Amino acid sequence: MNRSRRLWKMLAGTAAAGGLLFVLTGASWAQLGGLGGGILQGLPGTINNTTNDLGRKVTTTTDDLGRTANSTLDTVKRDAIGRRVAPQQLDRDPLGARIVRGEILAVSPSAAGLAAAKQLDFEVLRSEPLADLGLTAVALRIPHGMSASDALAALKKADPQGSYDYDHLYDPSGANAVVAAPAAAMSLPNATAARIGMIDGGIAVRHPAFADAKILAKNVVGSGNGPPTAHGTAVASLLVGEAGDFHGYLPGATLYAADAFGGETIGGGAIDIVRALDWLAANRVAVTNISLAGPPNALLQAGVRAFLARGHVLVAAVGNAGPAAPPAYPASYPGVIAVTSVDMERRVQIDAGRGEVTFAALGVDVRAASVRGYAKVTGTSFAAPAVAARFALLMPQPDVYAAQRATAMLEHAALPLGTAPRDPATGYGYLAAPSVAVAGR
């Protein structure tokens with residue numbers, strides 16, 4: 001009997017500790033409201049399940065409880081785009097850009113190139129056909145003890161005609177949320193026949209803004225659904241969201257949303273973005289928004305070139321690293337529609353990138369859906385959807401000539417903000433979203 005009482009006291013103490021964990025974590029969650037709350041998405045449900053299990057499994061051992069708690073806490077260790085934080089899986093290239101550790105990507109390598117790689121003790125980790133882009137991506141494992149830079153140099157020397165690069169990681173081009181505000185009234189376009197693509201993080205599809213939205217989502221990184229993210233939710237809402245006084249730019253359009261992060265540590269790599277482009281090409285989505293930015297990459301460049309050559313339009317944010325930063329990609333690749341951000345007075349966002357800017361659009365204090373509720377967001381990430389929406393209304397199907405005509409029409413429609421014909425900071429000028437465009441501008 002005494003042993004039973006002691007056991008129940010021990011279990012009661014453990015349950016009380018679990019309850020304290022829930023209270024403290026819930027308070028922290030409340031303080032992280034707004035767009036930034038996406039970092040800890042999914043946590044309350046996980047903790048509720050854990051505390052419920054405590055009630056049902058009163059005979060479990062303390063070791064089991066410890067493992068459950070550790071599993072719960074592991075879900076918190078994610079970055080702003082939902083990637084698991086595991087630095088041991090990452091490395092840096094000579095310029096400091098993050099790359100996947102221990103791997104080199106080969107772009108459509110020849111048989112002779114692969115044979116040369118094998119002679120140098122590189123191992124083929126996986127070979128991935130990207131049929132709708134006409135490419136093949138091969139991941140090679142770097143030989144033990146060799147640095148990434150030495151590995152890349154060795155491959156280029158052994159196969160000068162080949163194309164090799166690191167698997168660079170790419171990041172969102174948007175800042176955190178500020179205080180939420182009501183939306184202004186607007187006239188909405190009829191976009192029910194429109195289709196638009198998006199390469200970003202996961203979307204909180206249960207948000208009221210997507211209650212009537214048509215979203216076809218694909219996790220291109222792994223199996224199952226990746227975690228909802230603040231950035232992906234905001235961008236998707238600007239494209240197709242609608243609820244109450246909130247309206248995206250193309251309510252009623254069908255959104256093809258490629259999650260290029262999938263909650264994985266190495267999500268958002270060049271291979272993931274190209275895999276997303278291949279999926280969108282397979283679905284014949286004419287216009288795609290990508291609010292991600294990073295360094296140049298051989299595989300990404302090949303994927304973008306193939307995507308554009310098939311008549312697709314890629315609208316990309318120029319990034320938020322500041323005007324003195326190197327050009328960001330994919331926005332800076334030839335043929336990509338590069339978008340910068342301006343405020344309501346059409347002043348360029350102070351930390352917006354430069355490069356080959358095509359258009360400027362509103363991206364400062366834009367109201368968007370958060371993982372919970374709504375908030376104002378700032379960044380070139382949130383300017384790009386306005387331009388992508390304009391293209392989507394002009395481009396029902398991929399077509400090279402239609403893409404050229406749409407680009408020319410919008411270049412003419414843009415309101416110049418700087419030097420003509422193409423200002424380094426604002427490109428051809430300001431484009432309003434379809435919902436507020438006046439006289440074509």
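The values are calculated or read from the model by the stated rules, or taken from the named source; none is laboratory data. Keep in mind that this is a model prediction, so the values were computed, not measured. Note that we place each Cβ from the backbone using ideal geometry, even for glycine, and neighbour counts take in every protein chain shown.
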**Prompt:** Do we find a residue being closer than 19 Å to Ala402 by Cα and within 15 Å of the chain's Cα centre (by Cα) anywhere in segment 290-305?
**Reply:** no
**Request:** Hey, can you tell me all the residues within segment 77-100 that are surrounded by 15 or more Cβ atoms within 10 Å (Cβ to Cβ) and in a loop (DSSP other than H, G, I, E, B)?
**Result:** Asp79, Ala80, Ile81, Gly82, Arg83, Asp93, Ala97
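Quick check, is Ala316 in contact (Cβ under 8 Å) with a residue 60 or more places away in the chain, under 15 Å from the mean Cα position of the chain (by Cα) and within 23 Å of Ile104 (Cβ to Cβ)? Spell out the reasoning first.
Details: in contact (Cβ under 8 Å) with a residue 60 or more places away in the chain: yes; under 15 Å from the mean Cα position of the chain (by Cα): yes; within 23 Å of Ile104 (Cβ to Cβ): no.
So Ala316 fails the test.
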**Asked** If a residue has to be closer than 19 Å to Tyr428 by Cα and of a type in the set (D, E, K, R) to count, how many in segment 392-411 make the cut?
**Response** 2
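For segment 147-165, what are the residues that are surrounded by fewer than 17 Cβ atoms within 10 Å (Cβ to Cβ), farther than 14 Å from Val100 by Cα and polar (S, T, N, Q)?
Of segment 147-165, the ones surrounded by fewer than 17 Cβ atoms within 10 Å (Cβ to Cβ) are 147, 149-150, 153, 156-157, 160-161.
From what's left, farther than 14 Å from Val100 by Cα: 150, 153, 156-157, 160-161.
Hit for segment 147-165 is Gln161, nothing else.
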**Hits in segment 361-388 - residues which are within 18 Å of Leu292 (Cβ to Cβ), not polar (S, T, N, Q) and not in a loop (DSSP other than H, G, I, E, B)** = Ala361, Val366, Ala368, Val377, Phe382, Ala384, Pro385, Ala386, Val387, Ala388
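Pull up segment 343-354, narrow it to residues that are more than 21 Å from the chain's Cα centre (by Cα) and touching a residue at least 40 places away in the same chain (Cβ under 8 Å), then point me to the one that is surrounded by the fewest Cβ atoms within 10 Å (Cβ to Cβ).
Arg346
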**Request:** May I ask you to say which residue of Gly197, Gly252 is touching a His at 6+ places or on another chain (Cβ under 9 Å), touching a residue at least 40 places away in the same chain (Cβ under 8 Å) and either on the phi > 0 side of the Ramachandran plot or in a strand (DSSP E or B) (or both)?
**Result:** Gly197
**Item:** Pairs, first under 20 Å from Tyr329 (Cα atoms) in segment 377-393, second among the β-branched types (Val, Ile, Thr) and surrounded by fewer than 24 Cβ atoms within 10 Å (Cβ to Cβ), C-beta under 6 Å, six or more apart
**Value:** Thr378/Val364
**Request:** Mind counting the residues in segment 301-327 that are under 24 Å from Arg390 (Cα atoms), small (Gly, Ala, Ser) and part of a loop (DSSP other than H, G, I, E, B)?
**Result:** 2
**Request:** State all residues of segment 263-277 that are crowded, with 24+ Cβ neighbours inside 10 Å and out of contact with any Pro (no Cβ under 7 Å at 6 or more places or on another chain); if no residue qualifies, say none.
**Result:** Gly267, Gly268, Gly269, Ala270, Ile271, Asp272, Ile273, Val274, Ala276, Leu277
**Asked** Of all the residues that make up segment 101-111, how many are over 12 Å from Leu140 (Cα atoms), part of a loop (DSSP other than H, G, I, E, B) and without any contact (Cβ under 8 Å) to a residue 60 or more places away in the chain?
**Response** 1
**Request:** Scan segment 381-417 residue by residue and report those that are in contact with an Asp or Glu (Cβ under 9 Å, 6 or more places away or on another chain) and of a type in the set (S, T, N, Q).
**Result:** Ser381
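What number of residues within segment 128-154 satisfy the criterion of being in contact with a helix residue (DSSP H, G or I) (Cβ under 8 Å, 6 or more places away or on another chain) and under 26 Å from Arg305 (Cα atoms)?
Number of matching residues: 11.
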**Asked** Restricting attention to segment 142-176, which residues are among the polar types (S, T, N, Q), part of a loop (DSSP other than H, G, I, E, B) and touching a residue at least 40 places away in the same chain (Cβ under 8 Å)?
**Response** Gln161, Ser163, Ser173, Asn176
**Request:** Count, please, the residues in segment 112-127 that happen to be in contact (Cβ under 8 Å) with a residue 24 or more places away in the chain, surrounded by 14 or more Cβ atoms within 10 Å (Cβ to Cβ) and more than 23 Å from Val304 (Cβ to Cβ).
**Result:** 5
**Message:** Please count how many residues of segment 335-346 are out of contact with any Lys or Arg (no Cβ under 8 Å at 6 or more places or on another chain), in a loop (DSSP other than H, G, I, E, B) and within 17 Å of Val387 (Cα to Cα).
**Reply:** 4
**Prompt:** Quick one: Val400 ticks every box in (1) outside the structural domain of Asn283 (by TED's automatic domain parsing); (2) hydrophobic (A, V, I, L, M, F, W, C); (3) in contact with a helix residue (DSSP H, G or I) (Cβ under 9 Å, 6 or more places away or on another chain); (4) surrounded by fewer than 18 Cβ atoms within 10 Å (Cβ to Cβ) bar one, so which box is it?
**Reply:** (1)
